[in-house]
Structures are given as C-alpha cells and as structure tokens.
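See below for the structure under consideration.
Just so it is clear, none of the values below were taken in a lab; they were calculated from the coordinates. All values derive from a computational prediction rather than experimental measurement. As a convention, Cβ positions derive from the backbone with ideal geometry for all residues, glycine included, and neighbour counts pool all protein chains shown.
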Amino acid sequence: MTETTRTPSAAPQDAGAVRPEVRLRAEGLTLSYGERTVVRELDLDITNGTVTAIIGPNGCGKSTLLRAFGRLMKPTAGTVLLDGRPIHGIPTREVAERVGLLPQSPAAPEGLSVADLVARGRHPHQSWYRRWSSDDEAAVEQALRATGMFELAERTLDELSGGQRQRAWIAMALAQETELLLLDEPTNHLDLAHQIEVLDLVRELHLTTGRTVVVVLHDLSLAARYADRLVAMKDGRVVAQGAPSEVLTEDLVAEVFGLRARVRLDEETGSPLVIPLSRHGAKAADGA
Amino acid sequence: MQQVASERARKRRIWTFVLVGLLALAVLLSIGLGAQPLGPGQIWHGLWSASGTEGDVIVRSLRLPRTVTALVAGLALGAAGALMQGHTRNPIADPVLLGISAGAGMGVVASLFLIGVSSLYGYVWFGFLGAALAGTLVYAVGALTRGGATPVTLALAGAAVHALFTALTAGMVLFDRQALETYRFWTVGSVSGQPLGLTLQALPFIAVGLALAALNTPGLNALSLGEDVARMLGVRIGLNRALGMAAITLLTGTAVAVCGPIGFVGLVGTHIARYLSGPDYRWIVAQAALIGATLMLTADTLGRLVARPGELQVGIMLALIGAPVFIQLVRRRQAVRI
C-alpha cells in the first residue's frame, strides 16, 4: 500500500468550500422493520472529518442506523439530516454523490473483474448523455492505487482472498468519490491480519483525503484503536459516545455486552484494550 | 492495467464484430436457401432491381418477409431475454417465466372467441395487448408486495400470471373450434405466413423496446451488485425495474404476438453473450440481440432444408438445436450463476 503516498485518492472536497461541522445528524430517529422497532428516538451527530466507530451487541440496531444514514431506510419517526437537510428530501442521485455505503458481505455476479467492479462506482457521475470520461478513468485508477488493488485489477473477484475482495469493494466505494463513507462491518469474516489490512486502509483514506467515515465494528479494541470517536449502542439507543479512552470502560462493556472484562491501555498506541474474562477464571482451558 | 483493460474491451468489440458478421451471413442464407436455392446474383437482383423473374418473386414474396420477421423477432427476443435474466436474476428466465407468452396466447384466443377477429392483422394486436396486460400485471403484483419488485417477487408473480392466463386460454379453446385451430398454429411458433406489412407495423414497437433496453443497462449493472449497493450508487430501483419491464413487455409482447411463443432464443443468446463478454449488461444485451436474430434465422433456414419440400416451424427447429446447445452451456457451471 505504498502507492497511497504517491497518488492519494483525490480529496473529493471542493477546494475552499466550507463544509458544515455536522455532516450527518439523527434527530429523534426511530427505525422499524414492520412491527419490530430496532432504533428508538436516537440522536447522534457525525462530525466532519472524523472516523466514528459504532459498537454494540448483535441486534442493537447499529447496522440499521447505518442504513438510515445512507437513506436505505425510511424512519418511522424523526429524521436524518445530511448537511442540514432532511436526507429523504434529497434526490437519490445527489445523495449518491455525497454518501457512499458498503453493506455487509456484498455479492457480485460471477466473473466480474476488480476493474469492472470499481468502474461501477462511477455510476452516480454518469447518465445517458454523459458517458465514460477521463475523470472516471482517473477516479478508478486512484481508487485502485489507494487500496493497493492496481496490480490485481484484471482478476475476477472469485479469484481473490477475502481481504483482497473487501479492498476491491472499498475501492468501488472510493471511486464513487463521496465525502462520507459508511462501512458496515468491513472486517466481517476476515482473519486478524486482513482485518488490520482493511482498517489500516480506512485510516489512511481518512488521513490522506479527509473523508468522514462511519464504521460498524465488532472488535472493541480495534474500534478503539482506529476511530476518533466511539458510539456504543444497546437496544436501539446510544449508551455512550466520545473519545475511545473515555467511552471504553469496564463498566461500559459490562453494561452494553453483559460481559466482565478488564480494560487496559495499550502501551504502543495508548488506546484501550479489552480483555474479556471467562466464567472459568484464569485458565479457561484446564477442563473445569 | 490500462493495457489489460483495453485488451478486454478489444475482445468484446471483436466478438461484437464477429456476431454482426454471422448475422449478415444468416440473413443472406435465409434469403438464398429453401426449396429452390438462389445464388448471390439472383438475391441481389431480387432485392434491388426486381423485374418479375422467378427468382425475384421468390425473394420478394417468400423469403424476404420471413427473413425480416425472423430478424426483427430474434433481435427483440434476444435483448428481452438478457433483460429478463438481469431483472429476475434467474438464469432460466424466458418469456414463459414472466407470463408474457401466456398473456399473448390468451389475447390471440380471446380476440377469436369473444369478438370473432380472425385476420392475422387483427389477432396480432390482441396478442400484443394480452402480453402487455401480463407484463403490467406481473410488475404491479411485484411492486405492490412489501419490499417492492425484487427478482423473487417478479418470478413468483410471473408464474402466477402464467398459470392464470394459460387456464383462461384452455377454457376458451375448449368451447371454440376455430379459436383452437388458430391457437394450435400460433402456439408452435412460426415466421412464415406473416406479410411484410405486418412485421413493418410491429417494427416501431421493437425499436422503442430496444432503445429502452439500452437505457436500462447501466442501472441493471448496478442492480447486479445488490439492491442496497445499487441504491447507494444513485439508482432509483422502482423506476429502473419499471423501465426494464416496459422494455421486456414491448419486445417480447410484439415478437410473441407476431411469431408465437418462441422459447430458447433469449435464453441461449444471453448465456452465450455472458460467456463471451462477462457480466456487463451493456454488452450482454447487445450481443444477445445479435445472437438471438442469428439463431432465429438459422433455425428457420434449417427448418426449410431438413424436411424438403415441406418445412419444420422455427419454434420446433429452435428447440431441436437449442436444447443440446443449452445442455452444453449448463455443463459449464460458469455460464449459469448470475
């Protein structure tokens, strides 16, 4: 991924344009699937230029919240504001130019090459009268370089490892050139090395292009290490939010996950590390 | 990457050229071959400077009409097949699956049974209306279901509409001998007997259908990444599905009304196109149309040759050629999963 420093993926921000401090805001947001309410009267601000990680147990509504931020879900009550405007009043195309969302485990048709996948990220910038341009070509190339997928561009997705495939999808989202990027468990089903690979990439994107990133993560220690802000959710509500070292405490882990854990500061990074405690005490494996 | 990417684009272009060449050849053979074979000179004479010789008459009144019909219907069925597979994400989608053939059949029979229209010019339009009704119904049922028109709701609604219209048709032909006779002939699928004027009347519908199909392909590419990703890429899903269903209905409805429920063309054409060009609907739709037309013409020409001096209908020939080709395709797993 040394390519990144040479050709950073172009910062999509217009030079000189003043961006509002709060890019996405949930106001009294209630989200339901039919009768089942998943998110209740939730208020949350996503600040410009930050990486926010949303954590919480399975079914706490974090992915649902992300979908609402991407306008994939209509609220039953409350609103989502994108740059101060209700997101449901903004045309689909315009949302697509500002917000990119990568769902959990996306699927591609068999035989699709990395280059073709990434090129499809340019869809919002095209129309029947505006076909493929040199801008599109440049955006695709930059996205491929930023994700370290340039050399693999002609491979089909089926031929790649899980980590490479995830990077290819992120490259597609990058080619879309949105200032906001929402990632739903991008490290799902990846081994530890690939998880770090993907999160390093997200961090680099943030540093080189100033993108605002919201990411749903399961691993608490990784979330604390890679995010500027943590949002902890339980039962469709925000339980705590703020800097990782303030949010991630032993009490919070107990409250949100019902799990006893030690939280220590990592000497290397200064970010909190969560060490879960087993019911079986010090040596869980001694046959107790 | 640039070199490799352009290599890929070059391959797609070359295949498209080859397919256009094959189609041109199929057109020539369709005009030239039959009970009485004609040479290139005679064909040229008959097409551009007809003076009433025997060859001219064969070209003008026998071969040209069926060639144009097969060409137009083949283009329509090929392109529609590709769209159907894309929107239903179903590798065996064809006019039967979406209930459109059944709708056209019902229209043809109903025009005879209810109002006694028996001329070809008359019942073709009722066939088209029936197909349009079926297409609209399938889309409406799909769209009104919670979650909208998805591949699954479209396929299920198609199966239901097919069953309904087939039952109505069966009921009517049971009571009406003449309707049964017409239906029996129509249902085999044929391109002989339709006057050139009829096909020319159908042409604008197919032209509009092909234009809508072309407009639909970028959205279809985005949709093949899943509805969530497509929506995030700025695709308006409902509008896109409606556009696709309109194109499918125009193309299939017109072709099926004129020629009868011809299967396999869109199915085989789409699979070959996907095999040649990969999962990009801009190419799949164009190439499936070319392959569809070539298949129709070839099947019709062969049908004239195998049973001389009689002939086998194009629908029968297509099944005879199409089945083995398709089985071969299915055996390559790669060609099937969408």
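List of remarks:
- The set of residues from region A:42-54 being touching a residue at least 60 places away in the same chain (Cβ under 8 Å) and part of a strand (DSSP E or B) comprises A:Leu42, A:Asp43, A:Leu44, A:Ile46, A:Thr47, A:Val51, A:Thr52, A:Ala53, A:Ile54.
- Qualifying residue in region B:264-274 (condition: within 9 Å of chain A (Cβ to nearest Cβ), assigned to a loop (DSSP other than H, G, I, E, B), touching a residue at least 12 places away in the same chain (Cβ under 8 Å) and more than 11 Å from the chain's Cα centre (by Cα)): no
- If you go through region B:183-207 and pick out every residue that is small (Gly, Ala, Ser) and in a loop (DSSP other than H, G, I, E, B), you end up with 4.
- Candidates A:Gln166, A:Gln104, filtered to the one that is buried (at least 22 other Cβ atoms within 10 Å of the Cβ), under 19 Å from A:Val51 (Cα atoms) and not hydrophobic (A, V, I, L, M, F, W, C): A:Gln166
- Of everything in region A:55-70 that is away from chain B (no Cβ under 14 Å) and outside any helix (DSSP H, G or I), the residue that is farthest from A:Phe257 (Cα to Cα) is A:Gly61.
- When we screen B:Leu180, B:Leu137, B:Leu210, B:Leu133 for residues that are in a helix (DSSP H, G or I), surrounded by fewer than 23 Cβ atoms within 10 Å (Cβ to Cβ) and without any contact (Cβ under 8 Å) to a residue 24 or more places away in the chain, the only hit is B:Leu180.
- Matching helices (runs of 4 or more DSSP H) fully within region A:151-259 where at least 3 residues are on the phi < 0 side of the Ramachandran plot and in contact with a helix residue (DSSP H, G or I) (Cβ under 9 Å, 6 or more places away or on another chain): A:162-175, A:192-209, A:220-226, A:244-247
- Residues satisfying the stated conditions in region B:289-311, i.e. in contact with a helix residue (DSSP H, G or I) (Cβ under 7 Å, 6 or more places away or on another chain), surrounded by fewer than 22 Cβ atoms within 10 Å (Cβ to Cβ) and either assigned to a helix (DSSP H, G or I) or without any contact (Cβ under 8 Å) to a residue 40 or more places away in the chain (or both): B:Leu302
- Enumeration of residues in region A:71-94 that are outside any loop (DSSP other than H, G, I, E, B) and facing chain B (nearest Cβ under 7 Å): A:Thr92, A:Arg93
- Residues within region B:219-235 that are within 9 Å of chain A (Cβ to nearest Cβ) and either on the phi > 0 side of the Ramachandran plot or among the hydrophobic types (A, V, I, L, M, F, W, C) (or both), tallied: 9
- Test: residue in region B:236-247 that is away from chain A (no Cβ under 14 Å) and farther than 19 Å from B:Leu154 by Cβ: no
- The condition (being within 14 Å of chain A (Cβ to nearest Cβ) and basic (Lys, Arg)) is satisfied by just one residue among B:Arg177, B:Arg184, B:Arg146: B:Arg146.
- Look at (1) part of a helix (DSSP H, G or I); (2) touching a helix residue (DSSP H, G or I) at 6+ places or on another chain (Cβ under 9 Å); (3) over 15 Å from B:Gly74 (Cβ atoms); (4) of a type outside the set (Phe, Trp, Tyr) and you find that B:Pro324 fails only one, number (2).
- Of the criteria (1) touching a residue at least 12 places away in the same chain (Cβ under 8 Å); (2) assigned to a strand (DSSP E or B); (3) farther than 30 Å from A:Tyr33 by Cα, which one A:Arg264 fails: (1)
- Residues (in a loop (DSSP other than H, G, I, E, B), more than 7 Å from chain B (Cβ to nearest Cβ), of a type outside the set (Gly, Ala, Ser) and touching a residue at least 60 places away in the same chain (Cβ under 8 Å)) located in region A:100-135: A:Gln104
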